[in-house]
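Student: Following this message is one structure expressed as structure tokens.
The values are calculated or read from the model by the stated rules, or taken from the named source; none is laboratory data. This one's a predicted model, so the numbers in the text were calculated from it and none came from an experiment. With ideal geometry, Cβ positions are generated from the backbone for all residues, glycine too; neighbour counts draw on all protein chains shown. The accessibility values were calculated without ligands, DNA or RNA, using every heavy atom of the protein model including side chains. Shrake-Rupley method; radii C 1.70, N 1.55, O 1.52, S 1.80 Å.
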Amino acid sequence: MKKVNKIFMVFTILAVLAIAGCSGNKSTANKSKEKEDTSGGTLIYGRATDTVTLDPHNLIDAESSRISKNIFETLIDYKKDGTEVVPKLAKEWTVSDDGKVWTFKLQENVKFHDGTDFNAEAVVYNFQRMMDDSHPQHKGDFSIFNRTFKGVIQEVKALDEHTVEFTLTAPNATFLPNLGITTFGIISPAALKEYGDNIKDHPVGTGPFKFVEWKPNDSVTLEKNDKYRVAGLPKLDKLMFKVIPDNSSRLTALKNGEIDLMDGINQSDLSSIEKNDSLQIFKRPAGSLGYLTFNLAKPPFDNVKVRQAINYAINKKGIIDTFYGPVAKPAKNMLPPFIWGYNDDVKGYEYNPEKAKALLAEAGFAGGFETEFSIMSTDRSYFPQPTKVAEAIKSDLAKVGITVKIVNYEWATYLSKLVKGEYAFAGIGRISENGDPDNFLFTMLSSESVQNRSAYKNEKVDQLLRTAQTTIDKEERTKLYKEVQELVYEDAPTIPLAYVETPLAGAAYVKGYVPHAIGYESLAEVYIEK
């Protein structure tokens, strides 16, 4: 057996990304602001949209993950300023020589928020819930489990109170980093049995904060876990995640002291924030991708020349300069450049309306056609000012004869529409969950993935992606992923729009906050300077 403790050394598959976590701190304290809480204090995080579910096993969005990350813990985690694998609820692990059996030694004396014990049986219960259709708590889609571990994990069993063993069907290069995805947070089995389907409203984990209240479309409130296993953490007494849909209104709330930290900044406001000594800017590493997706099940998007034409018709640079600003760069692959395996040799589609018209004519649409473009109603980090971006896309397509009707939906409804394939052409994005290329390319492009929004299927691409998952050598995996990107460029099932380094703003007295590349983070080490 090979031992792996604190860093993942067995497969050498995960790049150690020492990403800068934040920048722009300009003030030691906001002397004029008095906080009511004089102990750990309360931090209010302003965001554009609400959580969809508090059941981690069934979440598919960043806003739900943002909450779950602070309530639940996974067996492994990632460094707070990168994606290197580190221990969490598992303190160490070993893997068999054939790469198929992983054995995890668990942290001891850990309690769930309801006072019950965290142990190996709890881990087994959680994974069986996702794996076994006959499990009494097998309620939901378990989309991320099905994408990452279905057919990969053969068995999970407890060897003793603090040792759990995973047997895989074959060696898998993505198994360990995938274990850190927030959806694999361990829920109290007692809570699962008590609340059943309603666990989505009654989350009980082992994390630094405990659930207090969820007011839909308004706020989620958490409080300090006084019995958290890490001494001195969390530093805050309370967390509130407050929904303020409009970016400008959210910034006004920050300036007025109504919230302490916020995401979703209009690029036109960056300069004023930088000049305000009472505020600071944080930067989330560019692990996100904003993209447009065609529904290949709906004509005319089943025609590759139509898809290529629209790629040529959209002025990415113009959209980025106008709505994203300096925090974004035009995208050409369905993988951000900061993740290993990126293929810079792919040339991408330049802005060329005349070429777009020629391709439409070749496809039999010389006179253009009518379609709908679906978009979320509130800002996302990878899609700022979504309605205005949609209007710019509409304008670009009108120049090549395509008439677009824009349809908007609030976030939860929008996700549901995408999952069900109830759209023709849409804007969406992805944020890195673990820093591995598989997390982008398999997730968005494999016909086996439930998060393949375009319904894209290319047998060669599927084969390459599956081979990469079971290939140990990182150089070989890189070659496979580069070939995938070349094939996808030709098939054009999507339009990669922008790679985004997301800015966030906070009051100057907020300390210890390090935005993570996966799009959300534990706030256990954040504190308010008095």
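Student: Pick out, from Ile244, Leu254, Gly232, the residue whose Cα sits farthest towards the positive end of the charge dipole of the stretch 217-282, with +1 on the Cβ of Lys and Arg and -1 on the Cβ of Asp and Glu.
Tutor: Gly232
Student: Quick one: how many lysine pairs does the stretch 428-521 have with C-alpha atoms less than 27 Å apart and a gap of 8 or more or different chains? Give me the count, please. Working shown, then result.
Tutor: Values: Lys457/Lys474; Lys457/Lys479; Lys457/Lys482; Lys460/Lys474; Lys460/Lys479; Lys460/Lys482; Lys474/Lys482.
Lysine pair count for the stretch 428-521: 7.
Student: Tell me the carbon and sulfur percent of the accessible area for the chain, rounded to whole percent, probe radius 1.4 Å. The partial results should precede the final answer.
Tutor: Numbers: 9430 of 20160 Å².
Ligands and nucleic acids excluded, carbon and sulfur give 47 percent.
Student: Accessible surface of Glu486 in the full protein assembly, 1.4 angstrom probe, to the nearest 10 Å²?
Tutor: 90
Student: Taking the Cα-to-Cβ direction at Asp98 and at Ser249 and moving 7 Å from each Cα, how far apart do the two end points lie in nm?
Tutor: 5.9
Student: Put His138, His202, His516 in order of accessible area, largest first, 1.4 Å probe: what do you get? Show your work: numbers first, answer last.
Tutor: Numbers: His138 40, His202 70, His516 10 Å².
Correct descending sequence by accessible area is His202, His138, His516.
Student: Could I have the simple spin-label model distance between Lys417 and Lys91, label points 7 Å from Cα toward Cβ, reported in nm to one decimal?
Tutor: The modelled label-to-label distance comes out at 5.0 nm.
Student: When the Karplus curve 6.51 cos²θ - 1.76 cosθ + 1.60 is applied with θ = phi - 60°, which whole-Hz ³J(HN,Hα) does each residue of the stretch 263-269 get, with x for Gly and Pro?
Tutor: So the Karplus estimates, Gly and Pro as x, are 10, x, 10, 5, 4, 5, 9 Hz.
Student: Do you know the relative contact order of the chain, to the nearest whole percent, from alpha carbon pairs under 8 angstrom that are 6+ apart? Could the numbers behind the result be given before it?
Tutor: Working: 1214 pairs, mean separation 119.9, N = 530.
Relative contact order, the chain: 23 percent.
Student: Could you work out, for the stretch 315-418, what percent of all Cα-Cα pairs fall into each 5 Å distance bin, beginning at 0 Å and stopping at the bin that holds the largest distance?
Tutor: P(r) over the stretch 315-418, rounded to whole percents: 2, 11, 16, 18, 20, 18, 11, 3, 0.
Student: Count of lysine pairs in the stretch 91-191 with Cα atoms under 23 Å apart, counting only pairs 8 or more residues apart in sequence or on different chains?
Tutor: Lysine pairs satisfying the spacing and distance rule in the stretch 91-191 number 10.
Student: P(r) for the stretch 431-530: what percent of alpha-carbon pairs falls in each 10 Å bin, starting at zero?
Tutor: P(r) over the stretch 431-530, rounded to whole percents: 13, 36, 25, 15, 10, 1.
Student: Can I ask one more? Once the cut-off is 22 Å, how many percent of the Cα-Cα pairs in the stretch 389-486 end up in the long-distance tail? Working shown, then result.
Tutor: Working: 2128 of 4753 pairs.
Of all Cα-Cα pairs in the stretch 389-486, 45 percent lie more than 22 Å apart.
Student: Over the heavy atoms of Thr51, what accessible area does a 1.4 Å probe trace out, to the nearest 10 Å²?
Tutor: Number for this one is 10 Å².
Student: A follow-up question, please. Spelling out what I want: for every residue of the stretch 280-292, take phi, set θ = phi - 60°, compute 6.51 cos²θ - 1.76 cosθ + 1.60 (Karplus), and round to whole Hz; glycine and proline get x.
Tutor: Result, rounded to whole Hz: 9, 10, 10, 10, 7, x, 6, x, 10, 9, x, 8, 10.
Student: Follow-up. How large is Rg/Rh for the chain, to two decimals, with Cα atoms and a Kirkwood Rh?
Tutor: Details: Rg = 23.0 Å, Rh = 23.9 Å.
Here Rg/Rh amounts to 0.96.
Student: Assuming a strict under-25 Å limit between Cα atoms, what lysine pair count do you get for the stretch 203-307 once near-sequence pairs (fewer than 8 apart, same chain) are dropped?
Tutor: Qualifying lysine pairs in the stretch 203-307: 24.
Student: For the stretch 57-63, in order, what is each residue's ³J(HN,Hα) by Karplus, 6.51 cos²θ - 1.76 cosθ + 1.60 with θ = phi - 60°, in whole Hz (x at glycine and Pro)?
Tutor: Per-residue couplings from phi come out as 5, 10, 7, 9, 10, 5, 5 Hz.
Student: Just to confirm, what accessible area per residue do you get for the chain at 1.4 Å probe, in whole Å²?
Tutor: Working: 20160 Å² over 530 residues.
Accessible surface, normalised per residue, equals 38 Å².
Student: Let's test the formula: R0 of 35 Å, r as the Cβ-Cβ distance of Glu258 and Ile406. What FRET efficiency results, to the nearest 0.05?
Tutor: Details: r = 32 Å, r/R0 = 0.91.
With R0 = 35 Å, the Cβ-Cβ based efficiency is 0.65.
Student: Considering the convex hull of the alpha carbon atoms of the stretch 288-374, report its projected area averaged over all viewing directions, in nm², one decimal. Spell out each step's value before the answer.
Tutor: Numbers: hull surface 27.2 nm².
Orientation-averaged projected area of the Cα hull: 6.8 nm².
Student: Sorted by packing (mean other beta-carbon atoms within 10 Å per residue), highest first, where do 245-253, 380-388, 209-217 land? All intermediate terms of the calculation are to be shown ahead of the outcome.
Tutor: On the way: 245-253: 17.3, 380-388: 21.7, 209-217: 15.8.
Highest to lowest by the protection proxy: 380-388, 245-253, 209-217.
Student: Which order do the peptides 299-306, 52-59, 190-197, 432-439 take when ranked by the mean count of other beta-carbon atoms within 10 Å per residue, highest first? Write out the running numbers ahead of the final one.
Tutor: Details: 299-306: 17.4, 52-59: 23.6, 190-197: 15.2, 432-439: 25.8.
Descending packing order for the listed peptides: 432-439, 52-59, 299-306, 190-197.
Student: Below 8 Å, C-alpha to C-alpha, sequence gap of six or more: please give me the relative contact order for the stretch 147-225 in percent. Spell out each step's value before the answer.
Tutor: Details: 72 pairs, mean separation 13.0, N = 79.
Here the relative contact order equals 16 percent.
Student: What FRET efficiency comes out for the pair Asn198/Val230, r = Cβ-Cβ distance, R0 = 30 Å, nearest 0.05? Spell out each step's value before the answer.
Tutor: Details: r = 29 Å, r/R0 = 0.98.
For Asn198 and Val230, the calculated efficiency is 0.55.
Student: So for the pair Ser272, Thr467, with labels modelled 7 Å out along Cα→Cβ, what separation do we get in nm?
Tutor: It is 5.4 nm.
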